[in-house]
Structures are given as C-alpha cells and as structure tokens.
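Q: Okay, here's the structure, questions in a sec.
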Amino acid sequence: MQVIDINESIDVGAVFGKNRIKPKWFVWNGKKYQIKEITYTWKENQGEAKLIHFSVTDGATLFELCLNQKTLMWRLEKASVE
C-alpha cells in the first residue's frame with residue numbers, strides 16, 4: 001500500500017450530534033467520495049487549534065481527513081492506495 005501526502009482543503013458533508021462528528025462525504029479534485037466507514041479517529045492540539053483526524057474509506061481507498069475545530073476548515077491529509 002502506498003501513502004500519498006495531499007494536504008489540501010476540501011468540502012465535507014458531516015452529521016453533528018451527540019458530541020460526535022460523522023463525515024459522510026467529501027469533494028476532492030471535483031469528485032465526490034461517499035464515506036462508507038470511519039475506521040479510526042484521534043485528536044491533537046496544534047497551538048490553540050484542536051484538530052480531529054478521521055481515517056475513512058470509500059470502500060476502495062483509505063483517506064485521512066482533518067477538521068480544525070477553531071477555523072471549521074477540513075483538509076484531506078493523506079490517501080492510501082494499492
């Protein structure tokens with residue numbers, strides 16, 4: 001498996017509720033990816049910003065998404081491809 005660093009801003013559709021954030025889809029390079037499963041989540045602090053990372057899959061590729069809770073901006077950090 002090859003990990004590709006991307007680090008680009010993306011648009012994400014997410015459901016917020018019960019103290020949880022669940023990304024459902026994202027758009028990258030003009031293509032919409034449906035998230036089939038969230039495989040792992042973790043949090044980190046970057047200065048004053050709190051970041052939430054999501055490892056997600058569309059069924060074919062594993063992606064790492066990151067939400068900056070201070071700016072509410074999403075980034076596509078990485079993709080893992082066969």
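Just so you know, all these numbers are worked out from the coordinates, no wet-lab data involved. None of the values given here were measured: they were computed from a predicted structure. Cβ: placed from backbone, ideal geometry, glycine included. Neighbour counts: every protein chain shown.
Q: Modelled label-to-label distance, Glu8 and Trp25, 7 Å Cα→beta-carbon offset: nm?
A: Reported label-point gap for Glu8 and Trp25 is 1.8 nm.
Q: Quick one: divide the alpha-carbon radius of gyration of segment 2-81 by 2.2 N^0.38 Å and tell me what you get.
A: 1.03
Q: Mind telling me which of Ile38, Ile52, Ile21 comes out most flexible in a GNM of the chain, alpha-carbon contacts under 10 Å?
A: Comparing Ile38, Ile52, Ile21 in a Gaussian network model of the chain, the most mobile one is Ile21.
Q: For the residue pair Leu72 and His53, what label-to-label distance in nm results when each label sits 7 Å from Cα along the Cα-to-beta-carbon direction?
A: Taking the simple label geometry, Leu72 and His53 are separated by 2.5 nm.
Q: What is the chain's relative contact order, in percent, from Cα pairs under 8 angstrom and six or more apart in sequence?
A: Values: 175 pairs, mean separation 25.7, N = 82.
Contact order relative to length: 31 percent.
Q: With the cut-off at 21 Å, tell me which of the pairs Lys36/Lys78; Lys18/Lys43; Lys22/Lys50; Lys36/Lys70 have Cα atoms farther apart than that. Walk me through the numbers on the way to the answer.
A: Values: Lys36/Lys78 17 Å; Lys18/Lys43 17 Å; Lys22/Lys50 17 Å; Lys36/Lys70 27 Å.
Exceeds cut-off: Lys36/Lys70.
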